[in-house]
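The values are calculated or read from the model by the stated rules, or taken from the named source; none is laboratory data. For clarity, every value in this text was computed on a predicted model and none was experimentally measured. Methodologically, a virtual Cβ is constructed for each residue, glycine included, from the backbone with ideal geometry; neighbour enumeration extends over all protein chains shown.
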Number of protein chains: 2
Amino acid sequence: MSNAKVTPISGFLEFLPEGRIVEQHFLDVIRRTFEVHGFASIETRAVEPVERLAGKGGDVDKEIYGVVRLSAPAETTEAALGLHFDLTVPFARYVLENAGKLAFPFKRYQIQKVWRGERPQEGRYREFTQCDIDVVDVGQLAAHFEAEMPLVVADAFAQLPIGPFRIQVNNRKIPEGFYRGIGLTDIAGTLRIVDKLDKIGPEKVAVALEEAGATAEQARQCLALAGIQSQDESFVDKVRALGVHDPGLEQGLAELAAVVRAGHAVRPGVLVADLKIARGLDYYTGTVYETQLIGHEDWGSFCSGGRYDALASDGRTTYPGVGISIGLSRLLGLLVGKGLVTASRSTPAAVLVAVNSEEERSASMAVAATLRGRGIPCDVAPSAAKFGKQIRYAQRRGIPYVWFPAAPASERGDSVKDIRCGTQVDATATTWMCPPEDLVPQVTAVSGD
Amino acid sequence: MSNAKVTPISGFLEFLPEGRIVEQHFLDVIRRTFEVHGFASIETRAVEPVERLAGKGGDVDKEIYGVVRLSAPAETTEAALGLHFDLTVPFARYVLENAGKLAFPFKRYQIQKVWRGERPQEGRYREFTQCDIDVVDVGQLAAHFEAEMPLVVADAFAQLPIGPFRIQVNNRKIPEGFYRGIGLTDIAGTLRIVDKLDKIGPEKVAVALEEAGATAEQARQCLALAGIQSQDESFVDKVRALGVHDPGLEQGLAELAAVVRAGHAVRPGVLVADLKIARGLDYYTGTVYETQLIGHEDWGSFCSGGRYDALASDGRTTYPGVGISIGLSRLLGLLVGKGLVTASRSTPAAVLVAVNSEEERSASMAVAATLRGRGIPCDVAPSAAKFGKQIRYAQRRGIPYVWFPAAPASERGDSVKDIRCGTQVDATATTWMCPPEDLVPQVTAVSGD
């Protein structure tokens, strides 16, 4: 049914089965972590009205994929629809639509594909999976949630074969108050320039700030603030040493200190106060997060988010929220693409049940049914070929065990062979069990060079 | 950030958190079943070139959603893209694209959303989730796979709270050979008319057949064949009693008998040979499947599929396949929508850890961290309100247990209360465990009227 020429579409990532097993492992760990932390899953439809998508998310307007029924009549009355480009805009709409039926504060996680029409490049896709958690409340949102978000992510990342990582935290009130305190008036413009620090370096940032109207001393102060980092609350004294006074600055310092203190208590060294982090999106109003893999800082942030005082609003009620989003496809595109993480096999099957002859296939099926009933994933050989060929079927897929049902005329019963080492033992399908690490494919880091 | 008026979009199903927990349970059972049967997961991108989608899948051409970058230049050189309307067309393309890297026979499962622009109605959506398994091989595909597909589905359905079901099986070679044997020439046209039997009844089918050129006797024979059903191989004798001879008919009878025999051996009564089943799609060439919930036959088929001799072809190599697809959204839209299946709570949390005072929040967080480390999903009270209010937080979400950390000045240690019955016991976070059925939300059938 498919004769047309087949070519990949740039920006759309698809894994081979082994890569998909890596992805499933990551998804399973992330989901389990979100759930033990008490977040409830929701899924929203892939489409939103274009008018709801447009104007949201800063620069992404131009990246929206429109969706239209090819057979729709020209004079359609249906609203123009577009694919969502993040999970925050649909979540905000879901909260408004279902506010009367949800229990607040509402803690939800959402793991779905999103689409952006931007130019594809390494680690950037037009279709990608995001894993989001958010807490949203009515009117007011307790500050302690801002400390909990990065700890949930740290809990997930610590269980994944991605090596050491750091979650950088800042509070938008700190630079905003600081800039006011030194007499700058274009706060948003200053944030945008300082946000380029890692890309263009301090000299060019200073030039850009002065071009935007700052004095040399103001530019120096902005760079001094952006240079402050600490794994504990010592960043507070470093900021105070710059001698700038502003009520918003003080509030931001207190809030960020609380986040860093909570992080330090649970997982020392993972959360870092890093006062250059600003996040591009305008709607963050408090804590903001970014996440780097240590040793792969040039890959950028894999997990970002922050607090917004108005995640959603229906005009009467405002819903503040705080959230964080793991960019899973970005992370996996690099880790799997570069061969840094691999799966031990390309199928869930732990056992291949061999077939003595096509007449005896039902005996092999019965063995498989017994093993499956006990939770052991298995496959049955597709043909009663020579055992050497059946074993190669298992080897090609990385299946560790081959089960040999007793031949009808044989005195010997069933046996099972670990084809990695060649050890073969007598076995009964009702009692045999492999070590737990063989039950599911193992996903592990490969030491790079 | 979201002030525009919020209205649902017809045909796009979204669940509240409790309904989503039902959906997750179904997805988990289906995935686990596919995996113990040795199927490997793949996911394909949401979009395919429109030219690949168009002309596939019979009548669904007109239902394709086109996708276009809203900011694309008018004279774009990019291929026209559309959202996939099933998982078979993308799978066939994936097989061709990765043929050199896959191990054949390739057993894959795929659980993804698909989109069709058709008119929404009860149980029919414009965005819905399908759960597919297929086996595809190079050149030839062993017949035993045709018996295994429905058994995998039966294994999954037997673990779900959907009540009794029947999988109806037929083989396209039977009606095709039979129609040839009685002298009809428009085989496809006859199939299409007989396929309407359940909708329009035998009299109207007879009229339509005669209008299409059949004699009254030929129409009577077609209806006689379509009326044959059996849970065992007895359908073969019933067909032979009609006195029609054709080599294709004989081959179809032998193949269907093998499928029914294998099904009867493993799960008696679930597989039913039902000779009126034809499936609309033209590309099926052997066994075809449909599935009904017993007592809800009017809901239609929730799980359908069949064998195709040319699932994919690149002109040189042909890939035959057999597959079956669970229409999960259709099933859940009805079961959840009618309140026939519910979840015991609206959050994964089994425990709410109470907070004595905001100063002691870190003690509650420590209890939660210990419980989470032991796999017990829990939430921490959002505020140190009166315990009555904290308990109501748990009740509203269906969380069964509330944990009370020891107050600093108290001699009594931690305790945990089952708020369903009021029983409160002393407990230690390092050792306490709830019954396994409380660890995850329970998803159960509600007896309807």
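Observations, loosely collected:
- Among (1) at pLDDT 95 or above; (2) more than 7 Å from chain B (Cβ to nearest Cβ); (3) buried (at least 22 other Cβ atoms within 10 Å of the Cβ), the one test that A:L53 misses: (1)
- Selection within the stretch B:1-45 - more than 9 Å from chain A (Cβ to nearest Cβ) and either among the aliphatic types (A, V, I, L, M) or surrounded by 23 or more Cβ atoms within 10 Å (Cβ to Cβ) (or both): B:V22, B:F26, B:L27, B:V29, B:I30
- Filtered residue count, the stretch A:359-382, keeping only those that are polar (S, T, N, Q) and more than 12 Å from B:A262 (Cα to Cα): 2
- Identity of the residue in the stretch B:387-406, more than 8 Å from chain A (Cβ to nearest Cβ), assigned to a helix (DSSP H, G or I) and under 33 Å from the mean Cα position of the chain (by Cα), that ends up surrounded by the fewest Cβ atoms within 10 Å (Cβ to Cβ): B:Q395
- Checked against (1) surrounded by 16 or more Cβ atoms within 10 Å (Cβ to Cβ); (2) in contact with a Ser or Thr (Cβ under 6 Å, 6 or more places away or on another chain); (3) not aromatic (F, W, Y), B:L340 passes all but a single condition, namely (2).
- All positions within the stretch B:364-386 that are part of a helix (DSSP H, G or I) and not basic (K, R): B:S364, B:M365, B:A366, B:V367, B:A368, B:A369, B:T370, B:L371, B:G373
- Test: residue in the stretch A:337-346 that is more than 11 Å from chain B (Cβ to nearest Cβ), in contact (Cβ under 8 Å) with a residue 40 or more places away in the chain and in a strand (DSSP E or B): yes
- Odd one out for A:V153, checked against (1) farther than 27 Å from A:V36 by Cα; (2) touching a residue at least 60 places away in the same chain (Cβ under 8 Å); (3) of a type in the set (A, V, I, L, M): (1)
- A:V6 meets each of the listed conditions (1) modelled with pLDDT of 95 or more; (2) within 30 Å of B:D86 (Cβ to Cβ); (3) of a type in the set (A, V, I, L, M, F, W, C) apart from (1).
- Here the condition is being at pLDDT below 95 and outside any strand (DSSP E or B); of B:L160, B:L191, B:L141, B:L209, it holds for B:L191 alone.
- Filter result for the condition that a residue is within 34 Å of the chain's Cα centre (by Cα), within 30 Å of B:D28 (Cα to Cα) and buried (at least 18 other Cβ atoms within 10 Å of the Cβ), over B:I167, B:I174, B:I228, B:I193: B:I167
- Complete set of residues in the stretch B:100-129 that are at the interface with another protein chain (Cβ under 10 Å from one of its Cβ atoms), at pLDDT below 95 and either part of a helix (DSSP H, G or I) or under 15 Å from the mean Cα position of the chain (by Cα) (or both): B:Y125
- Search result, residues across the stretch B:373-396 that are touching a Gly at 6+ places or on another chain (Cβ under 9 Å) and not acidic (D, E): B:P377, B:C378, B:V380
- Scanning the stretch A:168-185 for residues that are under 16 Å from A:E233 (Cβ atoms) and in contact with a strand residue (DSSP E or B) (Cβ under 7 Å, 6 or more places away or on another chain) returns A:Q168, A:V169, A:N170, A:N171.
- Output for the stretch B:31-55, where each listed residue is in contact with a strand residue (DSSP E or B) (Cβ under 9 Å, 6 or more places away or on another chain) and assigned to a loop (DSSP other than H, G, I, E, B): B:H37, B:G38, B:F39, B:I42, B:E43, B:T44, B:R45, B:A46, B:A54
- Exclusive hit being over 41 Å from the mean Cα position of the chain (by Cα), in contact (Cβ under 8 Å) with a residue 24 or more places away in the chain and more than 30 Å from A:H296 (Cβ to Cβ), set A:A409, A:A429, A:A384, A:A349: A:A384
- The set of residues in the stretch B:212-248 that are touching a residue at least 40 places away in the same chain (Cβ under 8 Å) and in a helix (DSSP H, G or I) comprises B:Q221, B:C222, B:L225, B:A226, B:F235, B:V239, B:P247, B:G248.
- Yes/no for A:V440 being surrounded by 11 or more Cβ atoms within 10 Å (Cβ to Cβ) and of a type in the set (A, V, I, L, M): yes
- Failed condition for B:G183, given (1) closer than 30 Å to B:G100 by Cα; (2) without any contact (Cβ under 8 Å) to a residue 40 or more places away in the chain: (1)
- Top-ranked residue in the stretch B:347-363 [being outside any helix (DSSP H, G or I) and within 12 Å of chain A (Cβ to nearest Cβ); ranked as nearest to B:D438 (Cα to Cα)]: B:A350
- Among (1) under 25 Å from the mean Cα position of the chain (by Cα); (2) crowded, with 23+ Cβ neighbours inside 10 Å; (3) among the hydrophobic types (A, V, I, L, M, F, W, C) - the single one A:A142 does not satisfy: (2)
- Filtered residue count, the stretch B:357-381, keeping only those that are within 38 Å of the chain's Cα centre (by Cα) and exposed (fewer than 15 other Cβ atoms within 10 Å of the Cβ): 3
- Search result, residues across the stretch A:167-188 that are touching a Pro at 6+ places or on another chain (Cβ under 9 Å) and either of a type outside the set (A, V, I, L, M, F, W, C) or not in a helix (DSSP H, G or I) (or both): A:I167, A:V169, A:G177
- Candidates are the residues of the stretch B:277-329 that are polar (S, T, N, Q) and over 30 Å from B:N98 (Cα atoms); the one that is surrounded by the fewest Cβ atoms within 10 Å (Cβ to Cβ) is B:S301.
- Restricting attention to the stretch A:288-320, the residues that are within 14 Å of another protein chain (Cβ to nearest Cβ) and either among the hydroxyl-bearing types (S, T, Y) or more than 19 Å from the chain's Cα centre (by Cα) (or both) add up to 13.
- Residue identified as surrounded by 24 or more Cβ atoms within 10 Å (Cβ to Cβ), among the β-branched types (V, I, T) and within 14 Å of the chain's Cα centre (by Cα) among B:V153, B:V136, B:V95: B:V153
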